[in-house]
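Heads up: the structure comes next, in C-alpha cells.
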Amino acid sequence: MKEKKKSLVVRFMLFHKKLKKSVDHLIFPDDLKCIFCGNDIPNFDDQPFCEECEKTLPFNVGNRCIICDQPIKNEATVCDFCQREKKNFERLFSPFLYGAEVKNAILSYKESNRRYMAKAFAKIIVDYIHKEKPDLKLNFLSYIPLTSKKEKQRGFNQSKLLAEEIGKLLDVPVICLFEKIKDVGNQKELKFKQRRENVLGAYRLKDVKLKKTDRIMIVDDVVTTCATVGYCSGLVYPKVEKVYVCSLARETVENAKNQKKSVEVTYL
C-alpha cells in the first residue's frame, strides 16, 4: 500500500513538472522566435536566430588569441597582453563580439528580466565550445556572483542562470564557487588599470571541496578586460587542474578604445 502511494506521488510530481514546462513554453515560446529580432525561426535546435540576423551578427571569427579569444589583426596566435602577462585560466570562449544586436539582447536579458533568453544564449555558447574544443572535458561549472543587494534588485543573477542552462546542455553540474563581498560599481566606466585594482578583494572563494584533477569553467555574460574572470580564476586555479572561462560576448579593441579608456592596453 505504501509503495502504491509512493508511486502515485512520484507520478503526480512528474505530471506537475511537465505541466509547468508546458505552461512556461506557452508563455515564453523560446524555441519559435529569433532571440535577437523576434522573427519566426524554422528550428531552434539548429540555431536560435534567424537567417537575416545571421548576416549581421558580430560573430567572433577570424584570427583570435588562443587564450583570451580577443581578435588579433596580425598573424600572431597570442595577443600582446597575454604574451606579457599570464592568465589564470586556460582558455576563454566567446562566440560574439559585444556590439549591435548582441549588446541589445544582453542588456534586454539582464535589465528587462527576460530570463527565458538564457536558454538560447547557452545553446550558442555550447555550440561555439564544441566547435573550438570538441574534446573539452569538465567536472563542473561555476559563475560570477552578484552582491546580494544587486541580485535582489535585478531579481536574478544572469551569469548563474546562463551557467545552469549551459550545464544542462553539457550534462555538467553547476557549483557556486565564489562570493562577492564588495560592490565594485560599474567596471565599464574605469580604465584598464583601475578595473584590475577595483576588483581586488571583491570576491572570495567559498569553502568548497576541490580536487587537483578538477577541470572547471567559469561563466559570465560579457567579458571586457578579463579583470573579473581573471581574478576569480586566480582564486581557484591553484587548487584544480585547469580553469576555463566562457561568455556570450567579449569587447573588441576598437570599442574599448572608444569608451574613453587609456590607450595603454585597454582591450583585455
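Here are some notes:
- Packing-based exposure ordering (other Cβ within 10 Å, fewest first) of Met217, Met117: Met117, Met217
- Neighbour counts of other Cβ atoms within 10 Å put Lys33, Lys149, Lys206, Lys87 in the fewest-to-most order Lys149, Lys206, Lys33, Lys87.
- Going from the residue with the fewest nearby Cβ atoms within 10 Å to the one with the most, Lys168, Lys209 rank Lys209, Lys168.
- Förster-model FRET efficiency, 30 Å R0, Asn74 and Lys209, C-beta, rounded to 0.05: 0.10
- Given Lys180/Lys212; Lys123/Lys168; Lys119/Lys168; Lys87/Lys110; Lys33/Lys150, the pairs whose alpha carbons are separated by over 19 Å: Lys180/Lys212; Lys87/Lys110; Lys33/Lys150
- Point-to-point label distance, Leu32-Asn113, nm (Cα→Cβ direction, 7 Å offset): 2.3 nm
- Evaluated with a Cβ-only charge set (Lys, Arg +1; Asp, Glu -1), region 35-258 carries a dipole of roughly 1140 debye about its Cα centre, given to the nearest 20.
Read-outs: derived from the displayed coordinates by stated rules, not from any lab. For clarity, every value in this text was computed on a predicted model and none was experimentally measured. Here Cβ is always computed from backbone atoms with ideal geometry, including for glycine, and neighbour counts include all displayed protein chains.
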